[in-house]
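One structure is given here, and the rest of the page talks about it.
The values are calculated or read from the model by the stated rules, or taken from the named source; none is laboratory data. Just so you know, these numbers come straight off a predicted model, no measurement behind them. Ideal geometry is used to build each Cβ from the backbone, glycine not excepted, and the neighbour counts take in all protein chains shown. Side chains are part of the model used for accessible areas, which takes the heavy atoms of the whole protein and leaves out ligands, DNA and RNA. Shrake-Rupley method; radii C 1.70, N 1.55, O 1.52, S 1.80 Å.
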Amino acid sequence: MKKFDKERVLLAVAGPVIALVAAILLTSVVLVASGDNPLEPYRLMIEQAGFSDVQVLIINQASLYYIAALAVALGFRMNLFNIGVDGQYRLAAMMTAVVGAHIALPSFLQIPVLLLVGVLTGAFWAGIAGVLKVTRGVSEVVATIMLNAIATSLIGYLTLTDVWGVQVGNNSTTGVMKESGWVPGIDLGSDVGEIYGLVFLAIALGIAYWVVLNRTRFGFDLRATGESETAAAASGVNAKKMVLTAMLISGGVAGLSGLPLLLGDAHTYSLTFPAGLGFTAIGIALLGRNNPGGIALAALLWAFLDKASPALDYATPVAYEKEIATIMQGLIVFAVVISYEAVRQWGLRRQQKQVGAELAAAAAQNTKKEVAA
């Protein structure tokens, strides 16, 4: 491997590693300050990862995180902050559940239709912010945050019993979906659980993300516009069109985020459907540096912290608060921003020194030539 490649790999890895180490150290400080053992909670959580049922839970949860983080990363690569992934994914899951409860087609048609409903709903909701940005210059951050609130209210209205809601005890649901829309998974036994079938969709989306961004003209235009709209326009790229397209694609991917759970396990949308996924995805995309491989590792880490932390409540002889994992997740997001900026500055200084050395060498060479002449 060339020296340049080694430095590039070092720069890519340094940010996440520094963030993780900093988060662990700071969480340990919190544990010490509260009078707890700073190492025991980590041992307990790592021990949980050895159980097959917990591994299945981690993989399933990571699939949701991964798809949502890809949606965020698509926006980041375009220099767009799609803060509305949470609203896009919840509204898409709700609409998919409604369609799945009222339409019965053969499985080979039902499942693609439900996936398409999720994509179109998410794209439509994100497209509102995209249109506002390209036509009125409204910040996508403000627009998507407001659309999250609107999505919450809209879901609340559409799940009323007078509309599409079905009351089950104290829970408002959309009714059970037709079985032809259930996506079978990998059954590992009653004691272990079942891996969602749409885990493979998450993998396919990660591959498609890398191929499109790195091996197509569209991906080059998208990255170029994210770097500099002026430079992209000079090369013939319609910046406004790229902004709108990126928001639509990001929203479409976000619309798929909840479907592994919806089609693989829940089979209905209700008040217990997880919220906050879109905001978690921001931290995962940042930690993974918008790279599909890095995002996968970050999604698995986040899912591990989520699914292994409940064991802390039942530890003996001393129980720990499971919120320790939440503290660590928050510290990771905080540390990742600082570490990435520090690594960026370090890399910039190295480049400046390298360029300076090359210019000095070139000047010395020219001086030698002049003396010889």
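Taken over segment 295-314, the criterion of being out of contact with any Leu (no Cβ under 7 Å at 6 or more places or on another chain) and open to solvent by less than 20 Å² (accessible area, probe 1.4 Å) is satisfied by ALA299, TRP302, ALA303, LEU305, ALA308, SER309.
Kindly evaluate LEU222 against the criterion of being crowded, with 19+ Cβ neighbours inside 10 Å and modelled with pLDDT under 95. For LEU222, the condition - crowded, with 19+ Cβ neighbours inside 10 Å and modelled with pLDDT under 95 - is met. Check segment 247-261 and report whether any residue there is over 19 Å from the mean Cα position of the chain (by Cα) and hydrophobic (A, V, I, L, M, F, W, C). The answer is no; no qualifying residue exists. Just to be sure before I move on: is THR135 surrounded by fewer than 16 Cβ atoms within 10 Å (Cβ to Cβ) and either more than 20 Å from VAL85 (Cα to Cα) or touching a helix residue (DSSP H, G or I) at 6+ places or on another chain (Cβ under 6 Å) (or both) in the structure I sent? Yes. The set of residues from segment 255-283 being of a type in the set (S, T, N, Q) and surrounded by fewer than 23 Cβ atoms within 10 Å (Cβ to Cβ) comprises THR268, SER270, THR272. Scanning segment 142-183 for residues that are without any contact (Cβ under 8 Å) to a residue 60 or more places away in the chain, open to solvent by 90 Å² or more (accessible area, probe 1.4 Å) and outside any helix (DSSP H, G or I) gives ASP162, GLN167, ASN170. Which one of these does ALA232 not meet: (1) open to solvent by 20 Å² or more (accessible area, probe 1.4 Å); (2) farther than 18 Å from ALA151 by Cβ? Failed condition: (1).
Going through LEU105, LEU115 one at a time, which residue ends up being surrounded by 16 or more Cβ atoms within 10 Å (Cβ to Cβ) and either out of contact with any Cys (no Cβ under 7 Å at 6 or more places or on another chain) or under 30 Å from PHE220 (Cβ atoms) (or both)?
Answer to the selection: LEU115.
Being assigned to a helix (DSSP H, G or I), free of Cβ contacts under 8 Å to residues at least 40 places away in the same chain and either among the hydrophobic types (A, V, I, L, M, F, W, C) or open to solvent by 20 Å² or more (accessible area, probe 1.4 Å) (or both) holds for only one residue in LEU31, LEU91, LEU25, and it is LEU25.
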